[in-house]
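Every number in this text was worked out from the coordinates using simple rules, so none of it is lab data. Keep in mind that what you see is a predicted model, and the values were worked out from it rather than measured. Cβ placement follows ideal geometry from the backbone for every residue including glycine, while neighbour counts extend to all protein chains displayed.
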Amino acid sequence: MRDDFLVFGAPYIGEEEIAEVVATLRSGWIGTGPKVGLFEQAFREYVGAECAVAVNSCTAALHLSLLVSRVGPGDEVITTPMTFCATANAIAHTGAKPVFVDIDRRTLNIDPERIEAAITSRTRAIVPVHFAGRPCAMDHLQALAQRRGLTLIEDAAHAIESWSTVGKIGAVGDLTCFSFYVTKNVVTAEGGMITTNRRDWAEQLKVYALHGMTHDAWKRYSDEGYKHYAVELAGFKYNMTDIQASLGIPQLKRVEANLQRRVQIWERYDRAFEDLPLITPAPPEVGTVHARHLYTVLVDREQVGITRDEFVSRLHRLRIGSGIHYVAVHLQPYYQRTWDYRRGDFPEAEYISDRTLSLPLGVKMTDQDVEDVIEAVRSLAGA
Ligand SMILES: *Cc1c(COP(=O)(O)O)cnc(C)c1O
């Protein structure tokens, strides 16, 4: 057994990040400023979108994307129950109703075939989630959104590196939201980004993200001289700081190399678990890039002999951290109380919710860490 606990989702922070953060601290400008601008530019270029707007979380990115799409009270927004609560919470923040549509058990993504039946005269937008980094069927979603006059806002918190069959995630939707939370593929501790090809939306997003003020606050105090600002709406405090951007710039430079390492670990897991009674992730769809954010296995008690929750605690005792992504959002008390959802509404998502477990998959892991995970999983799954 391992001596130390293998932390699930531990970020890899290199010397470059440390140097960049220290340089920012020494520069005297630690708020929203030039580093945020550089990070936005680097991200925009990486994704291939016209515009990128940095914010302080993906939750903020989703909230603002819904607001510039004019989603508000009385509206409905379609999303998946197999996601982090932030996706649905952001919809609730606008006053709109989160309308869940069940997933495809194989891809874990919203089932595009089921969306049309959930569209009503109140539906304004669709918020698909590229679960674990597997891109949704964007060709299908785009055609549907266009035909029904809906805005497509992607939750790409897992999908920085993903490509769909119609192009890079972040360059092909109306608005795409990314996360740089500590466990994500690029980390800034807390942080998010919105990409879009519409400049008018990008301008509005910037105003919404900083109190509704029409001039960047940091420019007010720069050597260009003081400028008055105008408050055009009751905006939010969602701006990213230069300290966060200083982490993100070098992190983004390593994003593709990191993906290659996770592909390596992923394929090692696939081989090692082939003969076990666990369901491992389906291979990526032809013509796509899967960002390999989460390696999820399904623990079925009938097959494995113990429940998923028991599997998680036994892994913990073997000093292997793991995650559960996710308990389906419609099973959470707020959603049951407020929107009248209940168990039985989305059987596919519930099937996954009851069985899924995410194994450590990070570039900080050594080969020995990977072997330790394999040994622990094999021993618990009865090999
Ligand atoms: C992490 C995550 C979010 C929220 O991201 P934050 O940056 O922490 O706000 C939203 N959706 C999904 C699918 C996530 O995994």
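Under the combined filter of DSSP loop state and at most 13 neighbouring Cβ atoms within 10 Å, segment 240-343 retains these GluC sites (Glu not before Pro): E274. For the chain, set up a Gaussian network in which alpha carbons nearer than 10 Å are linked by springs, and say which option among V68, V53, V22 fluctuates the most. Per the Cα network of the chain with a 10 Å cutoff, V22 tops the list. If you look at the Cα atoms of segment 255-380, you get an Rg and a Dmax of 16.0, 47 Å.
Put a plus charge on the Cβ of each Lys and Arg, a minus charge on the Cβ of each Asp and Glu, and nothing anywhere else: the dipole of segment 255-380 about its Cα centre is then about 400 debye. Spin-label model, E50 to R105: label points 7 Å out along the Cα-to-beta-carbon direction sit 4.3 nm apart. When the chain is described by a simple charge dipole with +1 on each Lys and Arg Cβ and -1 on each Asp and Glu Cβ, the residue from V231, A245, G170 located farthest towards its positive end is V231.
Non-local lysine pairs in the chain, meaning eight or more places apart or on different chains, with alpha-carbon distances under 29 Å, amount to 29.
Quick check: the angle from helix 199-209's long axis to the longest principal axis of the chain, C-alpha only, nearest 10 degrees? Roughly 90 degrees, rounded to the nearest 10. Note on Q368 and H316: with the Förster distance fixed at 22 Å, the Cβ-Cβ geometry gives a FRET efficiency of about 0.70.
Quick one: grab the alpha carbon gyration tensor of the chain, order the square roots of its eigenvalues as a ≥ b ≥ c, and give me rounded if a/c is under 1.5, else prolate or oblate depending on whether a/b is larger than b/c.
Working: a/c = 2.00, a/b = 1.27, b/c = 1.57.
Oblate is the answer for the chain, as a/c is 1.5 or above yet b/c matches or exceeds a/b.
In this Cβ point-charge picture (+1 for Lys and Arg, -1 for Asp and Glu), the chain has a dipole of about 660 debye about its Cα centre.
When the Cα gyration tensor is reduced to axis lengths a ≥ b ≥ c, the ratio a/c is 1.5 or higher for segment 49-130, and with a/b not above b/c it is classed as oblate. For the chain, a Gaussian network of Cα nodes joined below 10 Å ranks E20, E161, E224 by mean-square fluctuation, and the top entry is E224. Considering only L359, F346, A282, and ranking their Cα positions along the charge dipole of segment 255-380 that arises from unit charges at the beta-carbon of Lys, Arg, Asp and Glu, the one farthest toward the positive end is L359.
In debye, nearest 20, what is the charge dipole magnitude of segment 64-163 about its Cα centre with +1 on Lys and Arg Cβ and -1 on Asp and Glu Cβ, if you could check? Can you show the working numbers first?
Numbers: 10 positive and 11 negative charges, 47 e Å.
Charge dipole, segment 64-163, about its Cα centre: 220 debye, nearest 20.
Once a ≥ b ≥ c are taken as the square roots of the eigenvalues of the Cα gyration tensor of segment 1-114, is the result rounded (a/c under 1.5), prolate (a/b larger than b/c) or oblate (a/b not larger than b/c)? Oblate shape, in that a/c is at least 1.5 and b/c is the bigger or equal ratio.
Mind checking the full-extension length gain between F5 and D139? Use 0.36 nm per residue of separation minus the Cα-Cα distance, one decimal, nm.
Working: separation 134, 0.36 × 134 = 48.24 nm, distance 4.26 nm.
Taking 0.36 nm per residue and subtracting the Cα distance, the gain is 44.0 nm.
Here L233 and R199 are evaluated by their C-beta separation; at R0 = 25 Å the FRET efficiency comes out at 0.85. Each helix, a run of at least 4 DSSP H residues, gives -39500 (n - 2.57); summed and divided by the residues of the chain, these come to -11500 deg cm²/dmol at 222 nm. Among A159, A328, A118, determine the one that fluctuates most according to a GNM of the chain built with springs between C-alpha atoms less than 10 Å apart. Highest fluctuation among the options: A118.
Relative contact order for segment 15-253: 27 percent, from Cα pairs under 8 Å spaced at least 6 residues apart, divided by residue count.
Could you order peptides 146-154, 133-141, 58-66, 11-19 by the average number of other Cβ atoms within 10 Å of their residues, highest first? Numbers along the way, then the final one.
Working: 146-154: 18.2, 133-141: 23.1, 58-66: 27.6, 11-19: 14.7.
The packing order, highest mean first, is 58-66, 133-141, 146-154, 11-19.
Taking 0.36 nm per residue of sequence separation and removing the Cα-Cα distance, the I324/E256 pair yields an extension gain of 21.9 nm.
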